[in-house]
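S.K.: Submitted below is the structure of interest, expressed as structure tokens.
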Amino acid sequence: MNSEYTIECKNMRITIVGTGYVGLVTGTCLSENGNDVTCVDIDKTKIEHMRRGHIPIYEPGLEELFHRNIKAGRLNFTANLAEAVDDSEIIFLALPTPPNEDGSADLSYILTVAKELGPLIKKYTIVINKSTVPVGTAEKVHEAIASKASVDFDVVSNPEFLREGFAVEDFMKPERVVIGTESKKARDILSTLYAPFVRQGNPVYFMSARSSEMTKYAANAFLATKISFMNEIANLCELTGADVDSVRLGIGSDSRIGKRFLFPGIGYGGSCFPKDVRALQNTAAVHDYEFQLLESVTNVNDNQKQVLYKKIHKYFKNDMKGKTVALWGLAFKPDTDDIREAPSLYLIDKIIKSGASVAAYDPEASDNVAKLYKGNKNISFSETKEEALRNADALVIATEWSEFRTANFNKIKQLLKSPVIFDGRNLYELREMHKNGFYYESIGREIIK
């Protein structure tokens, strides 16, 4: 472990294979620190759009860096892998690892590129797995490259710990950097690469590739477990008359537990937690180990996605035909346009299936959801949160965007047919809702009538 660097920083030539969320953030942030970065993707249309300065994802702070480094000539894009890796010192693999039917990670994208890299690298190169991959993947990648390579190379595991909505901050000022390699040469080069990012002394942990791969899965599975535990406590609070907000504060002040990831809600979603929990379960199964805790975490999360809909359905006396529900929030979390496994999608499906319609609003994710429901007349998308409320029978909150936190309750009451709110993120104070005359149901707290 190196916690402090005196290594001289130098410009490096870097290739990023894959321009999804992780790849684009990684490439942009590395170019911001003076490296020459080429991002490669098989999607030629996407590459052309990025060359013209069109950023394909929403992430706070990324667009400014993206444009600045394109203008400076440090950030480039191509659909030609050979062109991208030519003279590159470091190649990051930031490719998708979608789940197979059994929950295992599909490594086909990574291994296909690995085989292509073999004859393309002409000098010593470090190939880095930035994707979230099962234990043992670095060895498979090494084998795939070695089958056609004629020069020395190292394969390194360097998992990302980027929070959507805070990814630029997380990359530029990481809490820690985890690097899996037993090669001194790779370690020295990567120490130099990451030196500018850990100038304040945040740790860089060097370990085996297998340990690094496990670290990523273990981190996400633990956070998913923390979320599911808090959701279970919230459900029990409702049955016992306790208030989950008070409980959260009471346990979060314990330094052994911490304050983060203790907010109850309607289940976790996104590209990481659901996929990574299932993948770790699969890894356990491959080794004949029953990971009972993670099985429970998955079950709890699946059940939690149903909690808010059950409250809505019960309020309308199990008959929602002809009703209109205003839905605030579509992304799986605020400050992103990512809708992968978002709880909002479950709500939309159930509400529409019940015979009701949805008037949805999200600051960034509406276009992504609209593509999923193209042609469905039972869902509409509003330009403003107020527009979604007009003549709706109830408001449902599925994502805790900042603009929802300070609400004009008088305006909400004027626009809704009835002052009814179902809050899946506990945004509002119970006293405030009582004072303003709302019917208000949230998670783990008393019902205001």
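Read-outs: derived from the displayed coordinates by stated rules, not from any lab. From a predicted model like this one, the values you see are computed outputs, not experimental measurements. Counting neighbours? That spans all protein chains shown, and the Cβs are built from the backbone with ideal geometry, glycine included.
S.K.: If the label point is 7 Å along Cα→Cβ of ARG52, which residues in the stretch 12-43 have backbone nitrogen under 17 Å from it?
M.R.: 43
S.K.: Right, next: Placing one identical point scatterer on every Cα of the stretch 13-207 and ignoring solvent, what is log10 I(q)/I(0) from the Debye formula at q = 0.08, 0.16 Å⁻¹?
M.R.: -0.24, -1.03
S.K.: Next question. Quick one: work out the % antiparallel among DSSP beta bridges in the stretch 13-207, nearest 5.
M.R.: 5
S.K.: Determine the principal axes of the Cα atoms in the stretch 252-441, then give the extent along each, sorted from largest to smallest and rounded to whole angstroms.
M.R.: 58, 45, 32
S.K.: If you line up the long axis of helix 108-117 against the longest principal axis of the chain, both from Cα atoms, how many degrees apart are they, to the nearest 10?
M.R.: Orientation of helix 108-117: about 20 degrees from the principal axis.
S.K.: Choose one answer from CYS29, CYS39, CYS237: the residue with the largest mean-square fluctuation in a GNM of the chain with alpha-carbon springs under 10 Å.
M.R.: CYS237
S.K.: My understanding is that a pair violates if its Cα-Cα distance is over 23 Å; which of LYS10/LYS216; LYS314/LYS353; LYS317/LYS353; LYS275/LYS377; LYS321/LYS417; LYS46/LYS130 do that in this structure?
M.R.: Check vs 23 Å cut-off fails for LYS10/LYS216; LYS275/LYS377.
S.K.: Give me the number: length gained by fully extending LYS148 to LYS310, i.e. 0.36 nm times residue separation minus the C-alpha to C-alpha distance, one decimal in nm.
M.R.: 52.7 nm
S.K.: Can you find, among ALA94, THR45, VAL177, the residue farthest towards the positive end of the dipole of the chain? Put +1 on the C-beta of Lys and Arg, -1 on that of Asp and Glu.
M.R.: Of the options given, the answer is THR45.
S.K.: Please build a GNM for the chain, connecting alpha carbons under 10 Å apart, and tell me which residue among ASP423, ASP254, ASP170 fluctuates the most.
M.R.: Among ASP423, ASP254, ASP170, the largest GNM mean-square fluctuation belongs to ASP254.
S.K.: Enter the angle in degrees (range 0 to 90, nearest 10) between the Cα long axis of helix 21-32 and the first principal axis of the Cα atoms of the chain, meaning the one along which they spread out most.
M.R.: Approximately 60 degrees, to the nearest 10.
S.K.: Pop out the Kirkwood hydrodynamic radius of the chain from its pairwise C-alpha distances, inverse of mean 1/r, in Å to one decimal.
M.R.: Hydrodynamic radius (Kirkwood, Cα only) of the chain equals 23.7 Å.
S.K.: Express the relative contact order of the chain as a whole percentage, based on alpha carbon pairs under 8 Å and six or more residues apart in sequence. The partial results should precede the final answer.
M.R.: Details: 890 pairs, mean separation 56.0, N = 449.
12 percent.
S.K.: Right, another one. Near LYS323, which aspartates and glutamates are there with a Cα under 20 Å away, not counting those fewer than 8 places off in the same chain?
M.R.: In chain and number order, the partners are ASP349, GLU386, GLU387, ASP393, ASP423, GLU441.
S.K.: Angle, helix 62-71 long axis vs. longest principal axis of the chain, Cα atoms, 0 to 90°, nearest 10?
M.R.: Once rounded, one gets 30 degrees.
S.K.: On to the next question. How far is it, in nm, from the label point at LYS321 to the one at LYS184 when both lie 7 Å from their Cα along the line to the Cβ?
M.R.: For the pair LYS321/LYS184, the computed spacing is 7.8 nm.
S.K.: At q = 0.17 Å⁻¹, what is the base-10 log of I(q)/I(0) for the stretch 350-449 according to the Debye formula with one equal point scatterer per Cα and no solvent? Please give it to two decimals.
M.R.: -0.80
S.K.: Determine the shape class of the stretch 36-139: with a ≥ b ≥ c the square roots of the Cα gyration tensor eigenvalues, call it rounded for a/c under 1.5, and otherwise prolate if a/b is greater than b/c, oblate otherwise.
M.R.: Working: a/c = 2.03, a/b = 1.32, b/c = 1.53.
Judged from the Cα gyration tensor, the stretch 36-139 comes out oblate (a/c at least 1.5, b/c at or above a/b).
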